[in-house]
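A short worksheet on the structure shown next.
The values are calculated or read from the model by the stated rules, or taken from the named source; none is laboratory data. Since the model is a prediction, treat every value here as computed from it, not as a measurement. Reconstructed Cβ throughout: ideal geometry from the backbone, glycine too, with neighbour counts over all protein chains shown.
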Ligand code: SAH
């Protein structure tokens, strides 16, 4: 029997149903398992802890599929997990033929390394672990059966693959991808998505509810949308009646798509600026500009806790300038999607920025990823996106 034996006393996190085994906790691996193969994880005393996928090249050397000894990790196991995950979405979000939704969110849905997003009738699968790679064909087949998707596209090209020692894997896995970009709806607005080249699986679905919030706050306000990507927050602001939107991103391709999105939705009043946000915020300040609603949705500054300090400086800087640009009574939606920066730390950084900017701001709301990106209580690392809705005094 292929198995991994832990060092004495290292079973605690697994007993709390945390699904990761780090190399430092391992006493030995028996039976020479292949990459991604299912192995039993046992305590130093031989007690069964879980069935896991073996990742020989990763710091996370095993990820638990199931904690129960009677479980069998086979096609039926994956069918049941996928069904469970998808039924939660239908309860939560209702049927939405033209919408986009995250159907599977990795560890937090009991499927470590497996992400599946649905854009209308097309699925995008993003695999990020040796175990997920091993079960690729089964997962794709099951997804085809369970969703009747027209096409399934694989986008396993995230940075984390390198940490797993895996090669990127990108391409059609089922059906044929439409030649034209897919158009889907979010909160009644239409967006195009480039599944092959877009960020993540093409769109930041995790911000859906926060865009709805922006829409509800935008009436009559002058908006600054920083790190706008393909303009989804800008579109929400204009649809909510913003008087004008200035949107900044360093990627010309993303801005071209953002402009196309305004046209697709018949929205006027956005000005797109190709620039570095760090520099542009200073320039706007020098020009004496100010805004009623500012969005800061930067890329991941710190994928791991080791990089948190450098990330903290980045967050401090942009939040400081955002507070300086905020009019009295204005609101700031500020986000971090860095796994290495906790909610607590992020709030401290934003507090420091407000203090240095001389703005006596309040938090009106703590912001999260939308509920199709759940966080398993046993897996706090799943909470990567955190944000604050802050208000400057009048
Ligand atoms: N708010 C977007 C998602 C932002 S993703 C949405 O809701 O869809 C982060 C974006 O930041 C990317 O589009 C990337 O091109 C851009 N970016 C990264 N570093 C930047 C910088 N220093 N200045 C401007 N844009 C930057």
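Restricting 311, 306 to those that are at pLDDT below 95, within 13 Å of the ligand (Cβ to nearest atom) and part of a helix (DSSP H, G or I) reduces the list to 311.
Screening region 1-23 for residues that are within 29 Å of the chain's Cα centre (by Cα) and part of a strand (DSSP E or B) and picking the one that is farthest from residue 110 (Cα to Cα) gives 22.
Checked against (1) touching a strand residue (DSSP E or B) at 6+ places or on another chain (Cβ under 6 Å); (2) within 15 Å of the ligand (Cβ to nearest atom); (3) in a loop (DSSP other than H, G, I, E, B), residue 192 passes all but condition (3). Selection of region 355-377 for residues being assigned to a loop (DSSP other than H, G, I, E, B) and over 18 Å from the mean Cα position of the chain (by Cα) yields 358, 359, 360, 361.
Being part of a helix (DSSP H, G or I), at pLDDT 95 or above and away from the ligand (no atom under 12 Å from the Cβ) is not true of residue 268. Within the option set 149, 158, 178, 100, being modelled with pLDDT under 95, within 18 Å of the chain's Cα centre (by Cα) and in a loop (DSSP other than H, G, I, E, B) holds for one residue only, 158.
Evaluate the following for residue 170: is it more than 16 Å from the ligand (Cβ to nearest atom), assigned to a helix (DSSP H, G or I), out of contact with any helix residue (DSSP H, G or I) (no Cβ under 7 Å at 6 or more places or on another chain) and touching a residue at least 24 places away in the same chain (Cβ under 8 Å)? Please lay out each step first, then the result.
Numbers: more than 16 Å from the ligand (Cβ to nearest atom): yes; assigned to a helix (DSSP H, G or I): no; out of contact with any helix residue (DSSP H, G or I) (no Cβ under 7 Å at 6 or more places or on another chain): yes; touching a residue at least 24 places away in the same chain (Cβ under 8 Å): yes.
No, not satisfied.
Of all the numbered requirements in (1) more than 9 Å from the ligand (Cβ to nearest atom); (2) within 21 Å of residue 367 (Cβ to Cβ); (3) in a helix (DSSP H, G or I); (4) within 25 Å of the chain's Cα centre (by Cα), residue 262 misses one, and that requirement is (2).
Among the residues of region 41-59, those that are in a strand (DSSP E or B) and either buried (at least 19 other Cβ atoms within 10 Å of the Cβ) or modelled with pLDDT under 95 (or both) comprise 41, 42, 49, 50, 51, 52, 53, 54.
If only residues of region 246-258 that are surrounded by fewer than 16 Cβ atoms within 10 Å (Cβ to Cβ) and more than 9 Å from the ligand (Cβ to nearest atom) are counted, the one that is nearest to residue 235 (Cα to Cα) is 256. Screening 301, 227, 278, 233 for residues that are within 14 Å of the ligand (Cβ to nearest atom), closer than 30 Å to residue 195 by Cα and surrounded by 22 or more Cβ atoms within 10 Å (Cβ to Cβ) leaves exactly one candidate, 233. Consider region 281-297 and keep the residues that are in contact with a strand residue (DSSP E or B) (Cβ under 7 Å, 6 or more places away or on another chain) and assigned to a loop (DSSP other than H, G, I, E, B). The one that is farthest from the ligand (Cβ to nearest atom) is 290. Of all residues in region 198-219, those satisfying the criterion of being in a loop (DSSP other than H, G, I, E, B) and either out of contact with any strand residue (DSSP E or B) (no Cβ under 8 Å at 6 or more places or on another chain) or surrounded by 21 or more Cβ atoms within 10 Å (Cβ to Cβ) (or both) are 198, 199, 201, 202, 203, 204, 218, 219.
So if I check each of 243, 216, which one is out of contact with any helix residue (DSSP H, G or I) (no Cβ under 7 Å at 6 or more places or on another chain), more than 11 Å from the ligand (Cβ to nearest atom), more than 23 Å from residue 319 (Cβ to Cβ) and at pLDDT 95 or above? Reasoning before the result, please.
Details: 216 fails: more than 23 Å from residue 319 (Cβ to Cβ).
After ruling out the rest, the residue left standing is 243.
Would you check which residues across region 110-132 are part of a loop (DSSP other than H, G, I, E, B) and more than 14 Å from residue 55 (Cα to Cα) and list them?
If the condition is that a residue be part of a loop (DSSP other than H, G, I, E, B) and more than 14 Å from residue 55 (Cα to Cα), then 110, 111, 120, 121 are the ones that fit.
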